[in-house]
1. For the range 24-70: of the residues being charged (D, E, K, R) and surrounded by 11 or more Cβ atoms within 10 Å (Cβ to Cβ), which is modelled with the lowest pLDDT?
2. Can you name every residue in the range 71-81 that is closer than 15 Å to residue 37 by Cα and surrounded by fewer than 12 Cβ atoms within 10 Å (Cβ to Cβ)?
3. Could you check residue 73 against (1) in contact with a helix residue (DSSP H, G or I) (Cβ under 8 Å, 6 or more places away or on another chain); (2) assigned to a helix (DSSP H, G or I) and say which number it fails?
4. What are the pairs, 6+ residues apart or on separate chains, where a residue within the range 87-103 that is surrounded by 10 or more Cβ atoms within 10 Å (Cβ to Cβ) has its Cβ under 8 Å from a residue that is at pLDDT below 90 and charged (D, E, K, R)?
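The values are calculated or read from the model by the stated rules, or taken from the named source; none is laboratory data. Bear in mind that the values here come from a model prediction, so they are computed numbers and not experimental data. Cβ sites come from the backbone with ideal geometry, for glycine too, and all protein chains shown count toward neighbours.
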Amino acid sequence: MFDKIKSVFKKKEEPKPKQERKAKKSAKDIATDKKEPWVNVLQVELDPENPGNGSFELDWNDFFVAKLVKSGYQGKTDEDIVDNWFQDVCRHVVLETYQQYDANNTGDRVNKKDLGGGRTEYN
């Protein structure tokens, strides 16, 4: 009899939704599911006193690191490998910008001297 009374006053459970909503997958998850390399800039921080100084926060998946290794990048950790790649990208941007500047300015500010053997001196 006590069981009947308990069941009358027992808190009823709320019905659960028929289908839980699936969380949206991130671009990283989608690329990883497809076994594709993926990298993204998450954040850029600049020094307020000197905007030429700053840092980038990157995120990547294992397939991106594998692609870098296959391309010849080395490092002790995944972070080292990605950092070496990112430095290479930055270096190429600087060199391309400098070469465009050099082509547009006929030596007014920059002296270019061919040292031979594929080497060039700028001063």
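1. Filtering first and then ranking leaves 25.
2. Once the filter is applied, which keeps residues that are closer than 15 Å to residue 37 by Cα and surrounded by fewer than 12 Cβ atoms within 10 Å (Cβ to Cβ), the range 71-81 yields only 71.
3. For residue 73, the failing item is (2).
4. Between residues of the range 87-103 that are surrounded by 10 or more Cβ atoms within 10 Å (Cβ to Cβ) and residues that are at pLDDT below 90 and charged (D, E, K, R), the close pairs are 102/112.
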